[in-house]
Structures are given as C-alpha cells and as structure tokens.
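What follows is calculated from the coordinates using simple rules that are stated; it is not laboratory data. Treat the numbers as computed from the prediction; the structure is a model and nothing was measured. Note that we place each Cβ from the backbone using ideal geometry, even for glycine, and neighbour counts take in every protein chain shown.
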Ligand SMILES: Cc1ncc(COP(=O)(O)O)c(C=O)c1O
C-alpha cells in the first residue's frame, strides 16, 4: 500500500465530510469491523441494525462473536422504524447501526435520543448515502463513527473500497493501532486485477450494458477470475483468512480522482431523484414524500412494482438497468439467514419491501432519458398501488 496515496485520500475525504479522521480499507465491511473492534464489541454483545441490509454488514458482528438484533423498517424511507427501536434495546446492546438506506437519511434525532438515554454509541452506515443531509447536517457526522463503501455500485467507486470516518479521538487512536499491528496490504495480484477491472468498467459499463456486464462479472467472480464484491467464504459467519485488509495505492488514487468531482456527483444524483419523481408523477404514480428537513442523495432510486421477478427478467430486453436490492432482509438471496439469527416474519415490512422494490440508476451515466425509460418500463408493469407518505404525515 502506498501510504501516501491512501493518506491523501483519507485526508481529502475527512476534509470533505468535516470530520477529524478517516481510515481507508479494502472494503466497507472491513471499515465496519474496525469500528466494532475500536468499540470493544465481543462475545455476548448485541448490535442493533435494520432487518433490511446486506449480509456483509452483519458478518463483522458475527466475526466478533456478538449477536445482530434486527429492527423492522418503515415503508417510506426503508430505514429503521424508530418506534420499534426502544423495544429492541437490552442491557447487552452495545451499538446501534443507523443505515441510511438508498441514501434516505435515518431519523437521526430519534435515534440519537434513544441511544443517548441508554448510553449506547451510534455508528452510521453511510455506504449508500454520500452527500445526504439530515436537518442541514451531513449524514456520517451524527454518530461516534461512520463507514462508507466504494464498491462498484456505490455512490462513488474505487472498484471495491471502504472508509471509516470519526471525530472521536479514542476511536481514531484504537483504529490507528489496529492498522499498525494487524492490517495486511492487498497482494500485488489483487491490486492489479482491480486496476484492470476499473479500466474495463470505465470503458464498457453503461445503463444498457449493465445487465450483461453484471451477469458476466458474477460468473467471473465465481470462477475466481475477478475481484468480486463477495467471495463464497463471505456467506458464512466466520471471518475468512486475510479479511482485515487495507486499501491499495490504485484504489486510493481512484478515490482521489473521484474526490475532484464529488460535488458534481452529489448534484447529479439529486437531479436524478427529481427526474424520477417528475416522470412518475406524470404517469400518475405516487412518489416518496419525506419530511422537508431530509435532503437525500440517492445511490439508486427505489420504486415498488407489482411483479418484481417479471421486472428483473424483462428489464435487460427493454434496455433498462434495474437493481434488485434488497432481495431478502440480509441481501443477497443466497444468504443462509438462519446462521445470522434471522427467521421469516421477524421484519414483515422489510420482507414486503424485498418482494416489491426494484431500483433504478442515479449514477453519472444515467440522465433524464434513463429516468423516462426506467419509469415507462415500471409503469407498464404496474404498481402494488400503495399510497406512500412520509412518517411526519402520519400515514403508513
Ligand atoms: C448498506 C450496506 N452497508 C455495507 C455494505 C458493505 O460494503 P462493502 O461491499 O464495501 O463491504 C453494503 C454492501 O455492499 C451495503 O449495502
């Protein structure tokens, strides 16, 4: 790892967010693991998170011998239902993870209030929420620490990649020591493969080619021929060899390049949300109405459809880039959920969202035409006809 490139990326990211420290890692899940280690999480502890997440977010909890406790979501922003949070707290609760799903900010006031009453630290999962704000304040600056992902389909990408941000000097000091003593650098082979993949991605992946590229990418990942988001060994609650890995110089340089256009990235995604809202409204569909003091920057635009399987099957033929997050409460569908303490029926609102929600692109290669085509496609397939208004409007 070139200490220089990674250190420059860490400084740039911390400055942009307005926090004291940042630590770059191979992936977002490694960043989360570092935070949990710094908070001293271990056997018998409980970590609360929404039951509408990625299994890679649950793994670090299990690796440390702690137990995930799932709270159901509310159906508008897909974030943890704060009305159910208090009941989930026990004397063993050691962390609350506030995941800003799709980029919609969590109700941070309620979460910080409940956490504060019980003296529990809040960690923010900002993997999907680059640039989102809650009451004028950046997501990622509320809790004791936050983690970010720079994986292929995240708000900005270094191929794979992750970051911890914090203004807590104690957490920063422990992570610094962990990095000094335990962090491994990626192998030259892994770093080089990732560099080539970033180049291929830049040249070949567009909304109309995404479905083919994704299928090919998954096949190559299974064959071990590319650096994928998740190896087979990561679908088990035991830490695989070499998990605690730092960021390569190539990833850090890619991150630094993206920092130069971070504000344009955020502005574009805001614009895309409005484009989708407008296109849906023109077709007579309801759009997500959220409290005015939430300023979401969406990594993907979620929308509910009558028949998700059909939408996913037909999208490639219609030239529409469609995403399937979250396929089950602990995405993806291959997750052996019983090994992670999730049983069917635990989070019914999340399970319904898993059956209904697809998502559409907001990234830089998507434009108003993409939004019109995507919306035309989902509208043709039909909606589950549900009226969705925000929590403050009091209707669910
Ligand atoms: C909400 C959320 N948090 C964390 C992660 C983990 O990030 P990474 O893939 O960089 O490890 C993911 C998945 O990719 C995610 O969707």
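Of the residues 329, 336, which single one is surrounded by fewer than 17 Cβ atoms within 10 Å (Cβ to Cβ) and over 24 Å from residue 157 (Cα atoms)? So that I can check it myself, show each step before the final result.
Numbers: 329 fails: surrounded by fewer than 17 Cβ atoms within 10 Å (Cβ to Cβ).
Exactly one of 329, 336 is surrounded by fewer than 17 Cβ atoms within 10 Å (Cβ to Cβ) and over 24 Å from residue 157 (Cα atoms), namely 336.
The single condition among (1) farther than 25 Å from residue 106 by Cα; (2) more than 19 Å from the chain's Cα centre (by Cα) that residue 321 does not meet is (2). Being part of a helix (DSSP H, G or I) and within 16 Å of the ligand (Cβ to nearest atom): is that true of residue 56 here? The answer is yes for residue 56. One residue alone among 34, 5, 14 is surrounded by fewer than 21 Cβ atoms within 10 Å (Cβ to Cβ), in contact with a helix residue (DSSP H, G or I) (Cβ under 6 Å, 6 or more places away or on another chain) and part of a helix (DSSP H, G or I), and that residue is 5.
The rows are residues; the columns are (1) under 21 Å from residue 190 (Cα atoms); (2) without any contact (Cβ under 8 Å) to a residue 60 or more places away in the chain.
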| position | (1), (2) |
| --- | --- |
| 18 | no, no |
| 29 | yes, no |
| 40 | no, yes |
| 43 | no, yes |
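Counting only residues that are in a loop (DSSP other than H, G, I, E, B) and more than 10 Å from the ligand (Cβ to nearest atom), which one in the stretch 89-103 is nearest to the chain's Cα centre (by Cα)?
Taking the stretch 89-103 first, the residues in a loop (DSSP other than H, G, I, E, B) are 89-92, 100.
From the residues that got through so far, the ones that are more than 10 Å from the ligand (Cβ to nearest atom) too are 89-92.
Working: 89: 23, 90: 26, 91: 28, 92: 26 Å.
Once the filter is applied, the top-ranked residue is 89.
Within the stretch 17-31, the set of residues being in a strand (DSSP E or B) and within 16 Å of the ligand (Cβ to nearest atom) comprises 22, 23, 24, 25. Restricting to the stretch 274-288, count the residues that are over 16 Å from residue 381 (Cβ atoms) and surrounded by 19 or more Cβ atoms within 10 Å (Cβ to Cβ). Counting residues in the stretch 274-288 that are over 16 Å from residue 381 (Cβ atoms) and surrounded by 19 or more Cβ atoms within 10 Å (Cβ to Cβ) gives 2.
Residue 233 meets all of the listed conditions (1) within 16 Å of the ligand (Cβ to nearest atom); (2) assigned to a loop (DSSP other than H, G, I, E, B); (3) surrounded by fewer than 18 Cβ atoms within 10 Å (Cβ to Cβ) but one, namely (2). Return a yes/no flag: does the stretch 103-113 have any residue that is farther than 13 Å from residue 296 by Cα and free of Cβ contacts under 8 Å to residues at least 12 places away in the same chain. Yes, the stretch 103-113 has at least one match.
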